[in-house]
Every structure is written in C-alpha cells, then in structure tokens.
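Student: Before anything else, here's the structure in question.
The values are calculated or read from the model by the stated rules, or taken from the named source; none is laboratory data. These numbers were taken from a predicted model, which means no experiment stands behind them. Here the Cβ positions follow ideal geometry from the backbone for every residue, glycine too, while neighbour counts run over all protein chains shown.
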Amino acid sequence: MSAGNENEPKLGLVALATAILEDATAVEEYLKERGLPQPSFLPVPGAPPRLNIEDRGVAEAHERVLNSTRELHHLTLGPMQSLTSLVSFEDPFAISVLNKLDVALHVPLDGTATFEHLSEKTGVPLADLRHILRMAMTSYVFTEPTPGFVAHTAASKLLRESAFARNMITFRCDEHFIGSAKAAEALVKYKDEEPQLSGWGFANNATKPLFDELAEKHPERFANFKAGVAIVGATAVPRHMVLQGFDWAGLGPGTRVVDIGGGGGEISAMLAREYPNLSFVVQDYEDDIRKGEKELAEDLKNDGRVTFMPHSFLDPSPSRTLTSTSSAPSSRTGPPRAKIRIHDPMTPDKGLLSPWQERQKLSMDSRMFVLFKSHHRYADSWSLIFAEADPRFRIISIKPSHIAARAMINIDVVWDE
C-alpha cells in the first residue's frame, strides 16, 4: 500500500486505486459492523461531522485512504496542474463569501430555496450569487437538485447548524489567509521571533501579538476567535485520545490537576467524570472562566471537584499545584516540588510519521507560523526552553505518548525552589 515513511508516491495509478479499494473496504465494514452512518455528501441523520475511528488498525486504513487519494489526485493532474492547484483561491473565495452572507441559514434543512430567494435575502445580485453558489457546489457545499433550486449537502448543513464551523471558516479566511499572503515579506523583513512580526502581524500592522491586538483593536474578530477556540477545546481531540494519552488512573487519590489555559473546563469536566479520585482547577481568562462556571453540569458543581480560577499562565500561579497539565512552561509557575506534566504536540523527525500524519503536523505548524511566528518543538529542544524559562525547572523525563498518530510527547518536570 502507499502509506510509508516518505512523501513520494510508491505506487502507480492502478496500484494506488487498488490499495484505496482495500482500505476503503476496511473502513466501510467497520462502520457497518457498528451501525454507524456511511460517509455521504448528502445530509445523513445522526452522522458525526468527522469520522472518529477508535480501532487502531482501521484508523490507519482510514489515514491511508486519505493519503492515497491525495497521491492519486496529484499524480493524475500532472506536475503543472498539481502545482497550480496548490495555490487555488476559488474554494476559499466561494466558501468565505457564502459564510459571510449566512446563505446556509436561508436554505431550509428539508427543502430547497431558489437563487432568486437567496439573492433577495442576502442583497447580492442574482447572477453573482448563482455563480458563487455553483462554484461551491463543485466542492460539495450545497447542491442544485433541480435547475434553479438550492438544497443542502452535509457540508452546507454543518454551516447552518454549527457555530464552530462558521467561526472557524471566518477565522481561517480573515486571519490565516491574509497572514499567509504576507508571510514571505515578514520573513524577509523581520529576523526576530516576536509574535507580532509574523505574517499576520505584518498584514495587520500589529504592534502586539494576535490575542492582544484583536482584543484591543478588533473586538468582533476576537470574539469570533474565542468562540472557535472554546469549541475546539471540547471537540478537537477525540475523547478516547484524551483518556488514553496519560495515566490519569495512576495519580494518587486526592490529586489536584490544574488545567492551565483550560478555557471553559470541557476537558476537566470530562476527566472528572471518569476519575472520581481527582479534582481539577481550570485556569484561563476571566470571561472564559465565568462562562465555564455557568455551563458546568450541576452534579460537578455540587461535588466541588471542578473549580475555576481566573489566571494568565504568564503570571505566577496562585494554585498550590500538585500536578499541572500545560502546553508551555512559564517562569515562577508553581510552588517548590510542584509536579508538572506537559502533554504537547511535537515535531517528529523525518520518517517517523505516515505522509498524511506528517502533513497534518506541518499544516498545524504552518498556521502557527503565519499567526505567531512559532512552531511546535522537537523533543530535544525542551531542555533549552526550560533552561531559558527558569533554571529551577528540572526535567525528569521526555517520552513519546503512546497515541502515536497524534505525535504527542509527555514531559514530566519538577519545580525545584
């Protein structure tokens, strides 16, 4: 099959198609055996917005389908069309416009709307809107079941029903795309690593990092960003990966876990239900904390095992930490002998991931670079980072997480006063 440790396709067109058939059959059978909906461009009741396959072997087959179909697509295009397809603007253009106009909200879930009706609702000339919709339809966002009538596909239905999908598309188009267009200029002009010198900062004439710049100068964009991040905290990492990514059961009874940058506490609430011997303190910006307190389930409020504390992770921690979960070290973070567990994405060495996994990791790194001029870290760079943060940090161990597909590492650190 085509999965391997290098990015070069190893099979020809027919062999790739055969490998895709074999792996797609494995995925389809897995879904059938569990009574789960099959993938479809049309809305399917009960279908999740993404496939979360918990069986490792089938999950690997699913990844191979994704990678092999991409290989097949680019091989079939040939080098010139393949290259130009990499800088295609048509899909972002169409989806961004339709999202801004809330077109999905004007198409009924179980019916159709005419182009004329949608033109009237959005205030966009009929010819323009029809063109943009038909462009989106070529990528399975909306469909035209009969001439002149627009209906939902699974993707456009998600735009109607999911605030997260709308927020994420808005953020990608308003922040990522604009920042990526200026990344080369920023890279040449600025050699420092300050986050406001990123492509995004250059495009926005920013004097501060993205979070502060948006909060102070662009409150609507900041609200959209925070709304997307809040939902990511609850849905981006599949439940089983959170539970399996760390030996939570191995923590002693009464251990307090401080969830640094924990948003509204979605992850802590989930873990509290699974591990009744643990308690959790969620730390983040005050408005996130207030929202988390309001939305926490009543039973978790009553037993007091999930509490909230407004706090910036750049400031000294007011919590007498026993165990912390974090994504970045900061100096003066805790009391003497505080134990810190960092469960963080890492940048793996070449050849350790499948091509599809590697592309996902590098895509995430690219987004971080465009927005913040930063990257995920290689495992051996953590010692330097902790030394620069404060010499009182002492690393006990740096080990790959057993969730290999996520390319995560577990870092155990002690704070020695």
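Student: Is it fair to say residue 269 is part of a helix (DSSP H, G or I), surrounded by 20 or more Cβ atoms within 10 Å (Cβ to Cβ) and not hydroxyl-bearing (Ser, Thr, Tyr)? Steps first, answer last, please.
Tutor: Numbers: part of a helix (DSSP H, G or I): yes; surrounded by 20 or more Cβ atoms within 10 Å (Cβ to Cβ): yes; not hydroxyl-bearing (Ser, Thr, Tyr): yes.
It is true that residue 269 is part of a helix (DSSP H, G or I), surrounded by 20 or more Cβ atoms within 10 Å (Cβ to Cβ) and not hydroxyl-bearing (Ser, Thr, Tyr).
Student: Would you check if residue 387 is at pLDDT below 85, under 20 Å from residue 242 (Cα atoms) and not basic (Lys, Arg)? So that I can check it myself, show each step before the final result.
Tutor: Values: at pLDDT below 85: yes; under 20 Å from residue 242 (Cα atoms): no; not basic (Lys, Arg): yes.
No; evaluated as a whole, the condition is false for this residue.
Student: Might you let me know whether the range 175-192 holds any residue that is within 19 Å of residue 227 (Cβ to Cβ), among the charged types (D, E, K, R) and crowded, with 17+ Cβ neighbours inside 10 Å?
Tutor: Within the range 175-192, one or more residues are within 19 Å of residue 227 (Cβ to Cβ), among the charged types (D, E, K, R) and crowded, with 17+ Cβ neighbours inside 10 Å.
Student: Could you please find all residues in the range 367-388 being touching a residue at least 40 places away in the same chain (Cβ under 8 Å), part of a helix (DSSP H, G or I) and within 12 Å of residue 183 (Cα to Cα)?
Tutor: Residues satisfying the conditions are 367, 369, 370, 371, 372.
Student: In the range 138-162, how many are without any contact (Cβ under 8 Å) to a residue 60 or more places away in the chain, closer than 20 Å to residue 47 by Cβ and aliphatic (A, V, I, L, M)?
Tutor: Here the count works out to 2.
Student: Cβ contacts < 7 Å: first residue in the same structural domain as residue 263 (by the TED database), restricted to the range 289-305; second residue in a helix (DSSP H, G or I), any location; separation 6+ or different chain. Result?
Tutor: Sorted first by the residue in the range 289-305, then by its partner, the pairs are 296/269; 297/269; 300/269; 300/272; 305/272.
Student: Looking at the range 180-196 only, could you name the residues that are in contact (Cβ under 8 Å) with a residue 40 or more places away in the chain and within 15 Å of residue 366 (Cα to Cα)?
Tutor: Within the range 180-196, 180, 183, 186, 193, 195 meet the criteria.
Student: Continuing with this model, one more query. Which one of 26, 47, 3 is among the aliphatic types (A, V, I, L, M), outside the structural domain of residue 107 (by the TED database) and at pLDDT below 85?
Tutor: From the options 26, 47, 3, the qualifying one is 3.
Student: Is it the case that some residue within the range 276-287 is surrounded by fewer than 18 Cβ atoms within 10 Å (Cβ to Cβ) and of a type in the set (S, T, N, Q)? Steps first, answer last, please.
Tutor: Taking the range 276-287 first, the residues surrounded by fewer than 18 Cβ atoms within 10 Å (Cβ to Cβ) are 276-277, 285-287.
Then keep just the ones that are of a type in the set (S, T, N, Q); that gives 277.
Looking for residues that are surrounded by fewer than 18 Cβ atoms within 10 Å (Cβ to Cβ) and of a type in the set (S, T, N, Q), one finds at least one in the range 276-287, hence yes.
Student: Restricting attention to the range 82-102, report how many residues are within 26 Å of residue 220 (Cα to Cα), without any contact (Cβ under 8 Å) to a residue 40 or more places away in the chain and in a helix (DSSP H, G or I).
Tutor: Residues meeting the conditions: 1.
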